[in-house]
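S.K.: Submitted below is the structure of interest, expressed as structure tokens.
The values are calculated or read from the model by the stated rules, or taken from the named source; none is laboratory data. It should be emphasised that the depicted structure is a prediction, and the values quoted were computed from it without experimental measurement. Quick reminder, even Gly has a Cβ in these numbers, built from the backbone with ideal geometry, and neighbours come from all protein chains shown.
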Amino acid sequence: MPVNTEHDDLREVKKQWDVIRDCVAGEITVKKRRNKYLPIPNPLDVTEENKLRYEAYIMRAVFYNVVKRTLGGLVGQIYSREPIIEVPPELEPLKDDATGLGVNLTQLSKFGAGYTVGYGRSGLFVDFPETGGTVTRAELQNGDMKAGFTIFDPKDIINWRTSPKGGRSILSMVVIKENKVISDDGFVQTKRPEYRVLRLTNGVYTAERWREAGRYQEITPTQANGQPFNEIPFTFIGPENNDPDVDEPPLYDLAALNIAHYRNSADYEESCYITGQPTAWFSGLTQQWVDEIFKGKVQMGARAAIPLPMGALAGMIQPNPNTLPFEAMKHKERQMVALGAKLVEPQAVQRTATEASIDQSYETSTLSASADNVSDAFTQGLRWAAQFEGVSPEAMNAIKFELNTEFDLIKLSSNERSALIQEWQAQALSFGEMRANLRRAGIATMPDDEALKVIRDEQEKLGLGDVTLDEPGSEPPAA
């Protein structure tokens with residue numbers, strides 16, 4: 001089979017990714033897709049008049065980009081707090097430049113989170129230069145030899161295989177499509193597709209480069225001790241887990257509704273256009289009157305008088321607008337609210353506490369799982385980099401990359417906040433527990449130690465004396 005062969009599991013999900021991708025790209029891209037998303041009225045009519053009508057039909061339609069705003073809001077929740085990154089000194093440079101092009105580790109992880117929350121799939125690859133043997137400490141310190149991290153768009157990960165190993169399945173092959181520049185005259189770049197083929201053969205990892213004509217490069221990266229890697233330094237990232245199986249795209253249902261909303265908008269705007277243009281009518285006119293008095297034209301407006309013969313009448317026809325498309329749009333907006341489109345939630349729509357709780361638990365669970373899986377992928381990537389750098393096993397086990405999973409989607413109400421503080425005052429909660437709940441709700445922002453110092457300083461200034469506060473994280477006194 002040729003190197004550009006795609007995995008069977010991609011065929012259907014790519015259609016869903018395309019819809020999400022077009023929605024994220026926005027109105028210009030959606031309208032460029034023309035009848036893919038907006039059917040031609042009376043498609044059997046191939047006249048020039050119908051073609052012009054379709055152009056106007058597209059132009060008047062409004063695409064309200066709920067998908068992009070929702071995706072940005074959800075990823076923003078993950079990065080509302082800085083990630084926790086703990087690495088040994090050897091890997092410190094990766095925190096500021098993970099790609100070799102100046103993209104830091106946090107910025108790169110945002111791409112992974114965006115792909116995962118939006119499309120339900122991404123991939124992290126850690127690349128290593130060919131060393132030809134062991135790596136010297138000087139080469140590592142000078143940055144001459146360093147790992148490079150890459151996040152891949154799910155559409156570019158076109159094929160993969162797994163093999164059994166010790167009761168579990170491990171990646172044995174991954175094929176990644178890339179567009180490489182083959183010529184550049186300073187103004188125009190010419191690109192062509194190339195492929196990375198990552199293989200694990202007899203427990204040895206090799207990285208190959210292919211063109212459609214065949215393989216042209218193969219290297220076997222080695223660890224700091226000169227030994228080859230015994231696994232492919234690539235991991236999938238998904239909203240459910242990080243295995244190779246393709247998960248359902250979390251935003252597809254929202255994207256499908258967003259497109260349906262766009263179609264309703266096209267019908268509604270056309271209805272407004274047609275019914276918004278009143279049509280004049282006349283009765284009791286003779287042909288002689290039309291020819292000699294009107295002379296084939298009727299002047300309309302406040303400064304024009306319309307002469308009519310005895311007994312003739314004139315008036316305006318203006319049909320009522322078709323409100324069905326508008327009602328359909330409002331219905332879809334309510335559906336999009338249930339799928340997480342908070343930015344278009346109508347103020348008039350009321351939900352029960354149970355419904356609100358269900359919506360929140362779904363969003364939070366999807367976000368939490370996605371954030372955790374991105375964290376796991378980057379932690380593993382840093383450990384692969386540590387193997388290349390020759391980091392000790394103890395330091396390698398201490399590596400941590402952890403994204404925020406305490407989201408501010410629902411903050412505590414004033415009553416809940418009061419009850420929380422009352423419980424602390426009654427010594428049912430420690431100061432640390434009370435602050436942890438306030439932090440989780442996005443209300444408290446200071447570290448506990450700093451907050452405690454500020455509170456005591458303020459009490460002293462107010463002359464409240466030595467009011468005792470339990471230390472952060474301490475247990476309440478026994479009853």
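S.K.: Would you point out the residue of the stretch 25-61, among those that are over 35 Å from the mean Cα position of the chain (by Cα) and of a type in the set (A, V, I, L, M, F, W, C), that is surrounded by the fewest Cβ atoms within 10 Å (Cβ to Cβ)?
M.R.: Applying the filter and picking the extreme gives Leu44.
S.K.: Then there is this: Name the residues in the stretch 84-105 that are of a type in the set (A, V, I, L, M) and surrounded by 14 or more Cβ atoms within 10 Å (Cβ to Cβ), would you?
M.R.: Step one: of the stretch 84-105, the residues of a type in the set (A, V, I, L, M) are 84-85, 87, 91, 94, 98, 101, 103, 105.
Matches in the stretch 84-105: Ile85, Val87, Leu91, Leu94, Ala98, Val103, Leu105.
S.K.: Do we find that Glu49 is over 15 Å from Tyr262 (Cβ atoms) and in a helix (DSSP H, G or I) in this structure? Talk me through it step by step, then tell me what you get.
M.R.: Numbers: over 15 Å from Tyr262 (Cβ atoms): yes; in a helix (DSSP H, G or I): yes.
Yes, satisfied.
Yes/no per residue for (1) more than 12 Å from the chain's Cα centre (by Cα); (2) within 18 Å of Ala377 (Cβ to Cβ); (3) in a loop (DSSP other than H, G, I, E, B):
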| residue | (1), (2), (3) |
| --- | --- |
| Gly73 | no, no, no |
| Gln77 | no, no, no |
| Arg81 | yes, no, yes |
| Ile85 | yes, yes, no |
| Leu108 | yes, yes, no |
| Gly112 | no, yes, no |
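S.K.: In the set Val344, Val374, Val337, which member is surrounded by 14 or more Cβ atoms within 10 Å (Cβ to Cβ), outside the structural domain of Leu71 (by TED's automatic domain parsing) and modelled with pLDDT of 50 or more? Reasoning before the result, please.
M.R.: Details: Val344 fails: modelled with pLDDT of 50 or more; Val374 fails: outside the structural domain of Leu71 (by TED's automatic domain parsing).
Of the residues listed, the single one that is surrounded by 14 or more Cβ atoms within 10 Å (Cβ to Cβ), outside the structural domain of Leu71 (by TED's automatic domain parsing) and modelled with pLDDT of 50 or more is Val337.
S.K.: Please determine, by comparing only the residues of the stretch 132-149 that are surrounded by 18 or more Cβ atoms within 10 Å (Cβ to Cβ) and modelled with pLDDT under 95, which one is nearest to Leu74 (Cα to Cα).
M.R.: Taking the stretch 132-149 as the starting set, the residues that turn out to be surrounded by 18 or more Cβ atoms within 10 Å (Cβ to Cβ) are 135, 145-147, 149.
In the following step, the residues that additionally are modelled with pLDDT under 95 were identified as 135, 145-147.
On the way: Val135: 42, Met145: 36, Lys146: 33, Ala147: 30 Å.
Checking each candidate, the answer is Ala147.
S.K.: If I filter the stretch 274-292 for residues that are among the acidic types (Asp, Glu) and buried (at least 17 other Cβ atoms within 10 Å of the Cβ), do I get at least one hit? Working first, answer last.
M.R.: Taking the stretch 274-292 first, the residues among the acidic types (Asp, Glu) are 291-292.
Checking which are buried (at least 17 other Cβ atoms within 10 Å of the Cβ) leaves us with none.
Within the stretch 274-292, none of the residues are among the acidic types (Asp, Glu) and buried (at least 17 other Cβ atoms within 10 Å of the Cβ).
S.K.: Name the residue, out of Ala280, Ala314, Ala305, that is modelled with pLDDT of 75 or more and assigned to a loop (DSSP other than H, G, I, E, B). Please lay out each step first, then the result.
M.R.: Numbers: Ala280 fails: assigned to a loop (DSSP other than H, G, I, E, B); Ala314 fails: assigned to a loop (DSSP other than H, G, I, E, B).
Every option except Ala305 fails the conditions.
S.K.: Taking the stretch 67-96, which residues are in contact with a Gly (Cβ under 9 Å, 6 or more places away or on another chain) and free of Cβ contacts under 8 Å to residues at least 60 places away in the same chain?
M.R.: Lys68, Gly72, Val75, Pro93, Asp96
S.K.: On to the next question. Limited to the stretch 175-191, what total is found for residues that are modelled with pLDDT under 90 and charged (D, E, K, R)?
M.R.: Going through the stretch 175-191 one residue at a time, the tally reaches 4.
S.K.: Is it the case that Asn42 is part of a helix (DSSP H, G or I), among the polar types (S, T, N, Q) and out of contact with any strand residue (DSSP E or B) (no Cβ under 9 Å at 6 or more places or on another chain)? Walk me through it before giving the result.
M.R.: Details: part of a helix (DSSP H, G or I): no; among the polar types (S, T, N, Q): yes; out of contact with any strand residue (DSSP E or B) (no Cβ under 9 Å at 6 or more places or on another chain): yes.
For Asn42, the condition - part of a helix (DSSP H, G or I), among the polar types (S, T, N, Q) and out of contact with any strand residue (DSSP E or B) (no Cβ under 9 Å at 6 or more places or on another chain) - is not met.
S.K.: Now for a different question. Does Ile85 satisfy being in the same structural domain as Asp127 (by TED's automatic domain parsing), under 28 Å from Ile176 (Cβ atoms) and in contact with a strand residue (DSSP E or B) (Cβ under 8 Å, 6 or more places away or on another chain)? Steps first, answer last, please.
M.R.: Working: in the same structural domain as Asp127 (by TED's automatic domain parsing): yes; under 28 Å from Ile176 (Cβ atoms): yes; in contact with a strand residue (DSSP E or B) (Cβ under 8 Å, 6 or more places away or on another chain): yes.
In short, yes.
S.K.: Identify, by number, the condition in (1) surrounded by fewer than 15 Cβ atoms within 10 Å (Cβ to Cβ); (2) closer than 30 Å to Ser163 by Cβ that Phe234 doesn't meet.
M.R.: Condition (1) is where Phe234 drops out.
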